[in-house]
Each structure stands twice: as C-alpha cells, then as structure tokens.
Amino acid sequence: MLKEMGPEKAKKLIRELVKRGHTSVLEHAVFTFSIEGVSRVCTHQLVRHRIASYSQQSQRYVKLTGASVVVPPSIASKPEAKEVFDKAVRECLKAYQELLKLGIPPEDARFVVPQGVRTNIVVTMNARSLLNFFELRCCYRAQWEIRQLAWKMLELVKKVAPTIFEKAGPPCISRGVCPEPDFPCPLRSKLSRASP
C-alpha cells in the first residue's frame, strides 16, 4: 500500500498517524543499535525500557582484564574527587583480580566491580518504543550518560526515518509541554526565548 501511494503521501499518512496517537503501526519499524563503552549504570537504566531486545556483554564469561570505567563529568572536573574515584576503582578492580586468583568464579568475583565499568550492549527497539524512550531520556532531567546516548540514538534514527522522528525528543519538543516545570532546564529556557 505505501509503495502505491508514493513517498509524499506516505509521509503525510505517517505524520497524521503520529499526530492522532495511532502509533501502534510504528511497532513494525525496528531499529538496532550497537552501543559500546557505556557504563553499567547507563545500561541498568536502558533495560528498564521493556519493549526492546537486549544483548549485553557478559561479566560472567568475559573477564574484566584491563577494564576501564566511565568517569562522571562532575567527578572529572574536580581533581580531589577524581583522585578519590580513581583510588576506589583501582581497589575494586584489584579485589576482582585477587578473587579470580583465589579460584572464585568470575560470576561471583564481579560483585566487587564498580557500576561505572564500561560495557557493550546491542539494543533493538521499535519506533513506538523509541518515541517513548526519547521523551523520557532526552529530557534534561534524565541522568547525563543515558541522556547523551538517547540524543545520539535520536540523531541516528532521524537519518533513516526522518518523518517518524521529526518531532521526537523530550516533551518540551515532542509535545510543546514540560511535565516538570518546577525544575531548571536549559533546553526549556532556550525554547521559551526562541518563541515569539
């Protein structure tokens, strides 16, 4: 049916379906992302989005030799905090290696590994789930790492499905309304300055 209607009519139909909230048809469009080098903190938040498929790098079968961690900007920007952070990470990774040497299986030794350890994950989501994901995770109120990931994912899907995702993003962009007006938001202040 879409082939017969041509690209412009198809775009118009997609826009109308999204506008009216008839987004179940968007579940037939799926997107797969290979995400590398994010923290376990980030992936714990990511997998809370239930309508998706995930394959995460195993800490049970993949030994964390030479593991690195994601350093939050708030820590990286303060030398004293960075020193405390680095020391704690070194101690945890050292304990992990010592436990392995003592014959503790990796699946148990990993209990001492910091949540900031880098990991890889493959994620498949349909377009409807992605629209919801972008509303929640592109918002300035989302944790910084998953927010950065969400904006990057949005940038990628806009290249392959621009009509579906043309208004995707946090609620202030997608719906023109902020559900959390009591919290400071640099994006909201930019949008209000841009409004006539």
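The values are calculated or read from the model by the stated rules, or taken from the named source; none is laboratory data. Keep in mind that this is a model prediction, so the values were computed, not measured. Cβ placement follows ideal geometry from the backbone for every residue including glycine, while neighbour counts extend to all protein chains displayed. Note: areas computed on protein heavy atoms with side chains; ligands, DNA, RNA excluded. Shrake-Rupley method; radii C 1.70, N 1.55, O 1.52, S 1.80 Å.
If you scan the stretch 1-50, which residues turn out to be closer than 21 Å to residue 148 by Cα and modelled with pLDDT under 85?
Selection gives 50 alone.
Among the numbered criteria (1) assigned to a helix (DSSP H, G or I); (2) in contact with a helix residue (DSSP H, G or I) (Cβ under 8 Å, 6 or more places away or on another chain); (3) open to solvent by 80 Å² or more (accessible area, probe 1.4 Å), which single criterion is violated by residue 179?
Here residue 179 meets the rest and fails (1).
Scan the stretch 138-176 for residues that are under 25 Å from residue 15 (Cα atoms), assigned to a helix (DSSP H, G or I) and touching a residue at least 40 places away in the same chain (Cβ under 8 Å) and jot them down.
The answer is 153, 156, 157, 160, 163, 164, 174.
What are the residues in the stretch 42-64 that are among the hydroxyl-bearing types (Ser, Thr, Tyr) and in contact (Cβ under 8 Å) with a residue 24 or more places away in the chain, if any? Break it down stepwise before answering.
The first filter runs over the stretch 42-64 and keeps only residues among the hydroxyl-bearing types (Ser, Thr, Tyr), leaving 43, 53-55, 58, 61.
Residues satisfying the conditions are 43, 53, 54, 55, 61.
Going through 166, 145, 155 one at a time, which residue ends up being open to solvent by 60 Å² or more (accessible area, probe 1.4 Å) and within 29 Å of residue 119 (Cα to Cα)?
On inspection, the qualifying residue turns out to be 155.
I'd like to check which helices (runs of 4 or more DSSP H) are fully inside the stretch 1-114 and have at least 3 residues that are surrounded by 12 or more Cβ atoms within 10 Å (Cβ to Cβ).
On the way: elements: 2-20, 40-46, 73-76, 79-101, 106-109.
Per the criteria, 2-20, 40-46, 79-101.
Being under 16 Å from residue 129 (Cβ atoms) and touching a residue at least 40 places away in the same chain (Cβ under 8 Å), is that true of even one residue in the stretch 66-86?
no
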